[in-house]
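Working notes for the structure below.
Please treat every number below as a calculation from the coordinates, not as lab data. These figures come from a predicted structure and were not determined experimentally. Glycine gets a Cβ as well: all are built from the backbone with ideal geometry, and neighbour counts include every protein chain shown.
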Amino acid sequence: MLLTAAARLTKTRLAFLALLMVVTLALPLVDPDYFWHLKAGEYIVTHRALPTGDVFSFTRAGQPWVLHEWLFEAVLFLAYSSWGTFGVQLLTALLAMATLGVIFALMRRLGQSAPVAFILAGCGGFVFASGWAPRPQLATYLFFALFLSILLRFKYDGARRALFALPLLMVVWVNAHGGYLIGIALTFLFTGAEWLNYRFGAARTAARKEGLVHLSWIAAATMLASLANPEFAGHWLYPFQVLGMEANRAIQEWQSPDFHGDGPRIYLLLCGLFVLSYIHARLKPDFTELLIPGVFLFNGFISIRHVPLAALTLMPFIALALARGPAAACAAWWKGSTLGRRYANAAGSGTQLGAGVEAGLNWLLLLAIALVLALFQPLLRANAEKQAALLPAAAADYVIAHGIKGNMFNVFGDGGYLIYRLGPERKVLIDGRVDVYGDAFFKDYRDVYFGAAGWKDKFDRLAIDFAILDRDAPIRQLLLADGSFREAFHDERHSVLLRSVPQRAALSRADQQEGGHGL
């Protein structure tokens, strides 16, 4: 059986395996939020319990912390503890490729050819490649693709039994990422649109009504299944609270997309292709085929965070519309044309290699790709190290080596990495968990960081002992000019400041004598 499975390496599987290998080896682990997710997973696995309050910051120590991503974090840490950074890269690549694989299979089921489906999947993958980081949102991408596939199979294939998977998937999704509400919204939006199709359509049969009643019960069960989380019903309010925070508007991924980049431009291309394919389709779209892609397309223009979901939604509907219109017409024209018939005759007159020989050649090609990647591994590693240099690794090394402790001031974007390197012995001021800190604290932090009016009073109330800052951070210049802090270490991008007390001054002089970066 294993030999039979090994021999079935088709061109499509070859392409996905090659992409999996490339993403696994080339993926840089530099996303700041990845590090605190990894540290949270370590806490959960080692303590075999969820923390009852915040354990990573001194500014919010012990206060309630909603761990809506605890399951993903535990799996992330288990991958890391088992296979190191390669395990994290492999987990990330598997989730990304599984998402594209589900959408590709859905497009094929909707009648689209393999080449067209693969091109669409490639475009969609390029759009949400920026989200290929070891973060819980990868779970949302995969579960969203599964929900969309199950619902569309029900619509076009009448697959009722597959609907029973939705509540089961929701139990996992609600504990893996706060984006589970998107699954509930998708299910109810689909159900409502299908009822509209029934109400205003011509085929109002008893069997169809029975199927929609079944779908409605499944939608209700899916929503109830989301209660299977540590917060129970309180978890329903959490995503709305996070989305309503003003601090989120200052984070780039929650802002509207900038269409100067390649990814957003391809997203615009998908949007245009969606409109054109619907215009030229022989069958005009129904309520479901308009509402589902329309809602997610609109959300993609509101926030960068929603663009991957919009791309995942557009791909199958574009594939469906093309199969109903231009693609089908072009295929029929090609088969009936003189050139098409000559090509078919020429292709059919050759000697067929057979499935076994073709699979063998595909395996050889896959091994060749693996060899090329192995040869380019030093270049990939150098690129990863170059990106890792953006993190305050050397500054964290300095703090650990010299036993520096106390209240730390840090840059918002570096908080996740510093949790990973310095916690739990040293706690951060702030990190990417905006929901933990709240709008008021985030505003005060920005006032201090940029030196707004009253920054000194707010800073003094924090009782800071040392700071790890970007060298171009406004607060760094202010603290050095104020004279209350001295620079003990710096590299090209980061700096460590110590409060100006005798023992810290002596440490700074000793570091200079060692020939380091200290001043």
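Couple of notes before you dig in:
- Working value for segment 3-89: equivalent-ellipsoid semi-axes of 36, 14, 10 Å, each the square root of 5 times a Cα gyration tensor eigenvalue, largest first.
- Calculated P(r) of segment 209-299 - Cα pairs past 20 Å, %: 64
- Local charge for residue 19 was computed over the other residues whose Cβ lies under 15 Å away, with Lys and Arg +1 and Asp and Glu -1, and equals +2.
- Taking only the Cα atoms of segment 156-272, the radius of gyration and Dmax are 18.3, 52 Å.
- The packing ranking, built from the mean of other Cβ atoms within 10 Å per residue, places the peptides 305-312, 49-56 in the order 305-312, 49-56, highest first.
- For the listed peptides 277-286, 419-428, 139-148, a ranking on the average number of other beta carbons within 10 Å per residue, highest first, reads 139-148, 419-428, 277-286.
- Full-extension gain in nm, residue 365 to residue 208, via 0.36 nm per residue minus C-alpha separation: 51.7 nm
- For residue 155, a cut-off of 17 angstrom between C-alpha atoms picks up these lysines, skipping any fewer than 8 places away in its own chain: 209, 284.
- Projected-area mean, segment 391-491, by convex hull of Cα positions, square nanometres: 6.1
- Proximal lysines to residue 39, defined as alpha-carbon separation beneath 24 angstrom and excluding residues fewer than eight positions away on the same chain: 386, 405, 427
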